[in-house]
Amino acid sequence: MATIESWNTRDDILKLLAGMKNCLQFYRETFSRLNQIKVAVLDDPVKKADLKLLFDQDPSLSMAQVTTEYLKAKAIYDWMVINTQEET
């Protein structure tokens, strides 16, 4: 018969695995939204130029940094698509 500690550990493992699965799904959904903005705004030269004006005035994040962060997020997303299996 399993101990109470083993049951608690089992429950913790199942909760953590479910939580990580939710995190992956949240990342997929969040990146999809970010990509929609990229396509709608950043791939349009006029809209991108207008947005760049705002980022040029914001010392916390430049347009170049936004591009770098997007590429990092895309690399993670692409890895997830290849290496994780979404359940239906």
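The values are calculated or read from the model by the stated rules, or taken from the named source; none is laboratory data. It should be emphasised that the depicted structure is a prediction, and the values quoted were computed from it without experimental measurement. Note that each Cβ is placed from the backbone with ideal geometry, even for glycine, and that neighbours are counted across all protein chains shown.
Within the stretch 1-30, which residues are of a type outside the set (Val, Ile, Thr) and either more than 20 Å from the chain's Cα centre (by Cα) or under 18 Å from Met63 (Cα atoms) (or both)? Correct list: Met1, Ala2, Glu5, Ser6, Trp7, Asn8, Arg10, Asp11, Asp12, Leu14, Lys15. From the set of residues in the stretch 41-77 that are of a type in the set (Gly, Ala, Ser) and either part of a helix (DSSP H, G or I) or under 23 Å from Arg28 (Cα atoms) (or both), which is modelled with the lowest pLDDT? So, considering only residues that are of a type in the set (Gly, Ala, Ser) and either part of a helix (DSSP H, G or I) or under 23 Å from Arg28 (Cα atoms) (or both), the one modelled with the lowest pLDDT is Ala64. Among the residues of the stretch 1-16, those that are loosely packed, with under 10 Cβ neighbours inside 10 Å and of a type in the set (A, V, I, L, M, F, W, C) comprise Met1, Ala2, Ile4. Has the stretch 12-35 got any residue that is in contact with a helix residue (DSSP H, G or I) (Cβ under 6 Å, 6 or more places away or on another chain), within 30 Å of Gln85 (Cβ to Cβ) and assigned to a helix (DSSP H, G or I)? Yes; the residues of the stretch 12-35 include at least one that is in contact with a helix residue (DSSP H, G or I) (Cβ under 6 Å, 6 or more places away or on another chain), within 30 Å of Gln85 (Cβ to Cβ) and assigned to a helix (DSSP H, G or I). The set of residues from the stretch 44-88 being surrounded by fewer than 11 Cβ atoms within 10 Å (Cβ to Cβ), closer than 30 Å to Asn22 by Cα and among the charged types (D, E, K, R) comprises Lys72, Glu86, Glu87.
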